[in-house]
Amino acid sequence: MSESAIRRPRGTTDYFGFDEEVLLGLERLLMEESSLYGCKRVNPPVFEESRLFHRSVGESSDIVRKETFDLLSKGDKDYTLRPEFTAGVNRLVLENKLYALPDLPVRFSYMGKVFRYERPQSGRLREFYQYGVEFLDAKIDLDTSLDALLLSIEATKKALKKDVLVLINFLGSFQSRENYKKALADFFRPHLDEMCDDCKKRFETNPLRILDCKVEKDHELGKMAPRIEDYLSAEDKKEYDAIVSVLEELGVSYRKDDGLVRGLDYYTGLVWEIYDAEKPTSALGGGGKYSSLMKDIGGPEFEGIGFSLGIERLILDMTPERKKELSLTSPLDVFLLDFERSGKAIALAQKLRKEGLSVSLPSQQKGMGGCFKMADRLKARNVVIVFEDGHIELKDMESRNQKAVTEEELITLLRR
Ligand code: HAM
């Protein structure tokens with residue numbers, strides 16, 4: 001039996017050509033946007049100790065229960081490919097004692113690949129990029145919360161050049177959330193027999209997550225459950241009202257959604273998700289505040305707030321024109337044809353590169369006509385030809401003028 005071809009794993013993407021240029025352009029835009037908010041980029045490892053995600057993202061989350069890529073143990077520790085960044089960034093802050101810095105909050109941004117073993121479909125991948133930020137401080141104040149929320153909105157709007165809709169909810173301080181969980185458990189307990197297997201587990205680990213169940217019967221039941229607003233403290237309500245009034249003042253389209261609990265266990269306080277305002281089908285990004293994550297992974301009392309955007313979801317939502325604008329136009333300064341073939345052309349290429357000019361060469365198998373067609377496809381600005389007798393000619397691809405030049409003249413002309 002013949003062996004099947006080796007293929008890209010399901011739910012992953014081969015980035016090359018135009019798609020890679022869109023990705024690079026988007027990364028540049030998002031990083032520039034974050035720097036307007038004082039963020040510095042961090043780059044934690046792609047895999048971490050498995051227990052980091054169990055303690056932060058949480059045992060009741062689908063991510064940890066069903067979707068992690070766990071690496072085969074080779075030593076005495078279990079490792080998992082990161083399903084998100086928040087846990088890793090908090091571990092980085094803890095391990096490097098950055099919580100002791102005098103200048104708080106720390107404002108970190110990131111972009112990289114994350115891995116979730118999901119059923120692949122459009123906008124739902126197993127390997128995908130997330131961009132995001134985490135702001136950390138002993139106590140996250142209103143300004144920091146608003147800055148994180150507004151950055152997520154502005155970054156999405158600028159990336160897509162579209163309006164966005166923000167769904168927000170307030171899960172309350174740790175104590176309010178615990179009281180609410182208790183009320184939910186009391187409400188769901190008599191219905192446990194009729195509920196789906198996932199919700200039976202959620203009932204034990206985090207009843208809040210039952211509100212996120214997509215199974216029709218459980219979803220309907222969730223609508224009758226106690227509402228979080230009734231469990232918020234006066235302080236929580238004040239903070240939520242202040243956030244909402246700033247959104248109103250800035251004209252941000254938002255909708256309060258008290259069923260929004262998010263799929264990760266660590267949230268307390270403000271949570272939100274961002275959608276394309278015109279087709280709010282799947283979330284482009286989401287985030288929220290977390291007050292005990294750092295403690296749960298063995299650190300001090302330290303809070304955080306952040307969000308992540310799904311890069312592939314953003315790209316999927318972009319118009320072709322927007323993609324074209326974003327794709328880095330990295331024109332080629334010089335396409336160098338070497339008909340002398342003694343290595344002199346490569347020495348010349350190195351000289352031009354030292355001048356900051358980009359230079360590429362075709363295969364030596366190609367004839368003159370083929371080389372010029374290739375130069376056009378690569379959108380080269382100039383073609384430089386080193387002829388068999390060693391003389392050099394420069395062709396400006398816009399004016400189509402071609403003339404013989406010395407090496408010195410060539411460098412002067414190209415510098416211009
Ligand atoms: P999340 O909601 O799990 O939050 O993911 C954020 C975004 O990643 C989603 O809104 C979506 O755009 C994208 N995403 C999620 N799963 C997939 C998938 N299978 N395929 C493609 N894109 C996907 C977090 O990850 C939190 N760490 C956000 C956060 C940061 N909270 C506080 N700080």
**Study point:** Per DSSP, loop trypsin sites (Lys or Arg not before Pro) in the stretch 303-375 with at most 12 further Cβ within 10 Å
**Key:** Arg341
Point to revise | For the stretch 159-237: lysine pairs under 21 Å (alpha-carbon distance), excluding those fewer than 8 apart on one chain | key: 17
Check your understanding: So what is the orientation-averaged projected area of the stretch 292-363, using the convex hull of its C-alpha atoms, in nm²?
Key -> 10.9
Revision key, fill the gap. Relative contact order of the chain (C-alpha contacts under 8 Å, at least 6 apart) in percent is 17
Study note, to complete from the structure: A correct Stokes-Einstein calculation for the stretch 276-331, using the alpha-carbon Kirkwood radius, 37 °C and 0.692 mPa s, returns a whole-number D in µm² s⁻¹ of 229
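To make sure I understand, if each residue's beta carbon is the centre and we count other beta carbons within 10 Å, what order do Glu48, Glu95 fall in, fewest to most?
Glu95, Glu48
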Review point. For the Cα atoms of the chain, what angle does the longest principal axis make with the long axis of helix 142-160, in degrees from 0 to 90, nearest 10?
Key: 40
Exercise for review: Work out the length of the dipole vector of the chain about its Cα centre, built from +1 on the beta-carbon of each Lys and Arg and -1 on the beta-carbon of each Asp and Glu, and round it to the nearest 20 debye.
Suggested key: 1000
Exercise for review: Give, in nm to one decimal, the length gained when the segment between Lys200 and Asp143 is fully stretched (0.36 nm per residue of separation minus the Cα-Cα distance).
Suggested key: 16.6 nm
Exercise for review: Mind jotting down the distance between the C-alpha centroids of the stretch 275-340 and the stretch 65-144, whole Å?
Suggested key: 14
Study note, to complete from the structure: For the stretch 215-354, inverting the pair-averaged 1/r of distinct alpha-carbon atoms gives a Kirkwood value in Å of 20.5
Revision key, fill the gap. Per-residue Cβ contact counts at 10 Å, fewest first, order Phe47, Phe128 as Phe47, Phe128
Revision key, fill the gap. Of the candidates Val89, Ser173, Ile392, the farthest towards the positive dipole end of the chain (Lys/Arg Cβ +1, Asp/Glu Cβ -1, centred on the Cα centre) is Ile392
Check your understanding: Once every DSSP H run of n ≥ 4 in the chain is given -39500 (n - 2.57) and the sum is divided by its residues, what mean residue ellipticity at 222 nm do you get, rounded to the nearest 500 deg cm²/dmol?
Key -> -11000 deg cm²/dmol
Study note, to complete from the structure: Ordering 288-301, 71-84 by per-residue average of other C-beta atoms within 10 angstrom, highest first, gives 288-301, 71-84
Review point. Which percent of Cα-Cα pairs in the stretch 43-194 sits in each 10 Å bin, short to long?
Key: 9, 27, 36, 23, 5, 0
Practice item. Please list, in chain and number order, the residues 5+ apart from Phe47 or on another chain whose amide H is under 5 Å from its amide H, with Hs placed from the backbone. Key: Arg82
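What are the equivalent ellipsoid semi-axes of the chain, built from the alpha-carbon gyration tensor (square roots of five times its eigenvalues), in whole angstrom, biggest first?
Details: eigenvalues 538, 113, 87 Å².
Three semi-axes, in Å: 52, 24, 21.
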Review point. Based on the Cβ-Cβ distance from Leu361 to Ala100, what FRET efficiency comes out when R0 is 51 Å, to the nearest 0.05?
Key: 0.45
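Every number here is computed from the coordinates shown, using simple stated rules; none is lab data. For clarity, every value in this text was computed on a predicted model and none was experimentally measured. Please note: Cβ atoms are built from the backbone with ideal geometry, for glycine as well, and neighbour counts cover all protein chains shown.
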